[in-house]
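Just so you know, all these numbers are worked out from the coordinates, no wet-lab data involved. Values in this document were obtained by computation on a predicted structure and should not be read as measured data. Cβ placement follows ideal geometry from the backbone for every residue including glycine, while neighbour counts extend to all protein chains displayed.
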Amino acid sequence: MEIQIVTRALTLTAAQYELISRRLQFGLGRFARRLRRVDVTLSDVNGPKGGNDIQCRMKLLLNRKGELVVSDTSETVEAAISSVTARAAMAVNRLVGRHQNRQPAPRHEFAAS
């Protein structure tokens, strides 16, 4: 699973990059075989005004199943990444579960009369 982190109008510390990487590995690690790439975009939507202004957008590229996009806005980078990672894990789990639980249509055999 390749991880790419991009920031817009926001500067992250080395500790925040490490935290993001650890959260992604912990939250999405069980799906690593199914995920080709995870793109995380963090941006400060209100600038220096403050408030709930850290937006986290996560795009997950899945092997053979397309892509998922999850986003959320929070007061801190840590809260935003935690929320989005949890939501992304639920979405991938739901998608993977749907494909695993899909059963072939029953075959009906008719006797010739």
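Name the pairs: first residue in the range 59-85 and under 17 Å from residue 44 (Cβ atoms), second residue basic (Lys, Arg) and in a strand (DSSP E or B), Cβ to Cβ under 8 Å, at least 6 apart or on different chains?
71/57; 84/57
For the range 6-38, name all the residues that are of a type in the set (D, E, K, R) and either in contact with a Leu (Cβ under 7 Å, 6 or more places away or on another chain) or farther than 15 Å from residue 72 by Cβ (or both).
Of everything in the range 6-38, those that are of a type in the set (D, E, K, R) and either in contact with a Leu (Cβ under 7 Å, 6 or more places away or on another chain) or farther than 15 Å from residue 72 by Cβ (or both) turn out to be 8, 18, 22, 30, 33, 34, 36, 37.
Identify, please: which residue in the range 39-54 is under 16 Å from residue 79 (Cα atoms) and charged (D, E, K, R) and is, among those, surrounded by the fewest Cβ atoms within 10 Å (Cβ to Cβ)?
Step by step, filter the range 39-54, then rank; the result is 44.
Can you find, within the range 66-77, the residue that is nearest to residue 27 (Cα to Cα) among those that are of a type outside the set (A, V, I, L, M, F, W, C) and surrounded by fewer than 16 Cβ atoms within 10 Å (Cβ to Cβ)?
If we take residues in the range 66-77 being of a type outside the set (A, V, I, L, M, F, W, C) and surrounded by fewer than 16 Cβ atoms within 10 Å (Cβ to Cβ), then 71 is nearest to residue 27 (Cα to Cα).
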